[in-house]
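Single-structure report; data block below.
The values are calculated or read from the model by the stated rules, or taken from the named source; none is laboratory data. Everything numeric in this text was worked out from a predicted model, so none of it was measured. Note that each Cβ is placed from the backbone with ideal geometry, even for glycine, and that neighbours are counted across all protein chains shown. Heads up: the accessible areas ignore ligands, DNA and RNA and are worked out on the full protein's heavy atoms, side chains in. Shrake-Rupley method; radii C 1.70, N 1.55, O 1.52, S 1.80 Å.
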Amino acid sequence: MYTVPTREFERRLNLLYRVMDEKKLDAAYIVNPINITYFIGFYYLQTERPAAIIVRRNGDIYFFGPLLESDHVLNQTKFVSRVYTYRDYPGEVHPMRLFADWLKELRLDSSAIGYDTSPGYVGYWGYKGPSLAELLPGVKFVSISDDIYSMRLIKSDVEIELLRESAKWSNLAHSLLQDYTAPGIYDYEVSLRASLDASIMMKKALGSGYKPVRSEYPAYAGFRGQVGEHGAYPHSISVERPIKVGDVLVTGASADVGGYMAELERNLFVGKPSNDVIKYHELMLKLQDVALSILKSGVKASDVDKAVIRTAKELGVTEYLLHHSGHGIGLEGHEAPFLDAGDDTVLRPGMVVTVEPGIYIRGLGGFRHSDTVVIHEDHVEVITYYPRDTESLMVEI
């Protein structure tokens, strides 16, 4: 499976209709682009141009947005019954005023409407404008943000299967990344080659009907600049020098399957690692093992992170912890719940999280693996499966 089937969108919309019934809402105003993707399968690049869908209680769905998205909507989803467009932002008439007029046309100007992020639009790329609450004083706007996030928190069997497929291609992309890594070349050279080759293989295997939803490349593998001493910065982004013998590399790989992207991260070692490198890598593995041993349905997300922190203290590496132990994942790269000492969310079957405690040693590098894990009723399933041991992660030179 590499696309979201119609029945899955129908399931999600039925959950939304149920919320609307419970809260006595006439419609829902969805403006978060990820939520739009979640409910109707339309994915667009968010800009300063406001866009939203209106979901009526009777099942009609309308798209409000810029003209440049009109063909995209009709090509990507069959759930939209009518498209309302404006030429561009800010326009002679502000788009939000047009949104208000369209809601009046739909006879929703004296109704109860639920909204996800805002009863208007968000301040993105310089956007400014009034809210619909100002323009339509007769409408009762009710936040349903938490209700929608609760839906997305528990992944369906379809979503989990898409993440499993993503993990498969992530594994391939990372394997190529390791094969292509060598001293004397830049990290982006390795990343581009591995990502391109993995993407070509993925496209050939999945066929003409497959296309990535969230990215240009079907598959990606790279380093985000975490090369050698720069690996001590968890989000280094880029590095000015080529890879060299002795470097500790922090890697990442993923693949876009129906908009779902599993997360796979590892260390690679260019040549035989030093004793210090081996020591810190093995300490990091112990932290990840602790997190995985605690992770299960019924425990709090905070319990996982607290166990990692306790173990780090016992191992003498607390000062090298720079972030929490993981996060939820789905249509977004980071979602709730967070494996963080401050997040007391009780883990439940269907939640999908990354497990990635890391330690960062200034002047030496970063040590982090990330695996994507599905919570089941009686066990956890690690769907990323690249080798973790030091020897398997050595780059031959």
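For a Förster distance of 41 Å, can you work out the FRET efficiency between the beta-carbons of Lys306 and Arg107, rounded to the nearest 0.05?
That gives a FRET efficiency of 0.20.
What residue among Tyr210, Gly252, Ala194 has its Cα farthest toward the positive end of the dipole of the stretch 166-255, where the charges are +1 on Lys, Arg and -1 on Asp, Glu, each on the Cβ?
Tyr210
Please work out how much length the chain gains when fully extended from Ser175 to Leu196, using 0.36 nm per residue of separation minus the C-alpha to C-alpha distance, in nm with one decimal.
6.3 nm
Seen from all sides and averaged, what is the projected area of the convex hull of the Cα atoms in the stretch 152-237, in nm²?
7.1
About its Cα centre, what dipole magnitude does the chain give when the only charges are +1 on Lys and Arg Cβ and -1 on Asp and Glu Cβ, stated in debye to the nearest 20?
About 600 debye.
Report the FRET efficiency, 1/(1 + (r/R0)^6), for Lys203 and Ser70, where r is their Cβ-Cβ distance and R0 is 30 Å, rounded to 0.05.
The calculated FRET efficiency here is 0.60.
Loop only by DSSP, 10 or fewer other Cβ within 10 Å of the Cβ. Give me the GluC sites (Glu not before Pro) in the stretch 104-172 that pass, ordered by residue number.
Hits after loop and neighbour filter: nothing returned.
Give me the mean projected area, in nm² to one decimal, of the convex hull enclosing the Cα positions of the stretch 6-136.
One quarter of the hull surface, i.e. the mean projection, equals 7.2 nm².
With all protein chains present, how much of the accessible area of the stretch 276-397 (probe radius 1.4 Å) comes from carbon and sulfur, to the nearest whole percent?
It is 50 percent, rounded to a whole number.
Looking at the square roots a ≥ b ≥ c of the eigenvalues of the Cα gyration tensor of the stretch 108-197, which shape do they give, rounded for a/c under 1.5, prolate if a/b is larger than b/c, or oblate?
oblate
Treating only the Cβ of Lys, Arg, Asp and Glu as charged (+1, +1, -1, -1), what charge dipole size does the stretch 293-375 show about its Cα centre? Round to the nearest 20 debye.
220
Quick one: compute the contact order of the chain, relative version, from alpha carbon pairs under 8 angstrom and 6+ residues apart, as a percent.
Reported relative contact order: 14 percent.
Accessible area per residue of the chain at 1.4 Å probe, in Å²?
Solvent-accessible surface per residue comes out at 44 Å².
May I ask for the net charge around Asp344, where only other residues with Cβ less than 12 Å from the Cβ of Asp344 are counted and Lys, Arg are +1 while Asp, Glu are -1?
Net local charge, Asp344 excluded: -2.
Can you give me the % of accessible surface on the stretch 121-243 that is carbon or sulfur? Probe 1.4 Å, all protein chains present, nothing else counted.
That share works out to 55 percent.
Let me check I've understood the local charge: for Trp125, count other residues with C-beta under 14 angstrom from its C-beta, Lys and Arg +1, Asp and Glu -1. What total comes out?
Counting the neighbours of Trp125, the net charge comes to 0.
Helix 95-105 versus the longest principal axis of the chain: what is the Cα-based angle in degrees, 0 to 90, to the nearest 10?
50
What is the gain in length, in nm to one decimal, between Arg348 and Leu364 on full extension, counting 0.36 nm per residue of separation less the C-alpha to C-alpha distance?
Going from the current span to full extension adds 2.0 nm.
Can you say what percent of the DSSP beta bridges in the chain, counting only those with both residues inside, are antiparallel? Round to 5.
The answer is about 70 percent antiparallel.
Efficiency by 1/(1 + (r/R0)^6): what FRET value for Asp157 and Glu314, r their Cβ-Cβ distance, R0 = 45 Å, to the nearest 0.05?
0.70
So what is the relative contact order for the stretch 205-276, in percent, with contacts set as C-alpha pairs under 8 Å and at least six apart?
Relative contact order comes out at 31 percent.
What number, in nm² with one decimal, is the all-direction average of the projected area of the convex hull of the alpha-carbon atoms of the chain?
20.5
In degrees from 0 to 90, rounded to the nearest 10, what is the angle of the helix 157-180 Cα long axis to the longest principal axis of the chain?
For 157-180 against the chain, the angle is about 40 degrees.
Mind checking the angle between helix 6-22 and the chain's longest principal axis? C-alpha axes, 0 to 90 degrees, to the nearest 10.
Compared with the principal axis, the helix lies near 60 degrees.
For the stretch 203-253, which GluC sites (Glu not before Pro) are both in a DSSP coil and crowded by at most 12 other Cβ atoms within 10 Å?
Those that pass, being in a loop and sparsely packed, are Glu216, Glu240.
Would you please state the base-10 log of I(q)/I(0) at q = 0.13 1/Å for the stretch 113-164, with intensities from the Debye formula using one equal scatterer on every alpha carbon?
Ignoring solvent entirely, the Cα scatterers give -0.50.
Taking the Cβ of Phe9 as the center, what net charge do the other residues with Cβ under 14 Å away carry, scoring Lys and Arg +1 and Asp and Glu -1?
Taking every other residue near Phe9 into account, the sum is +2.
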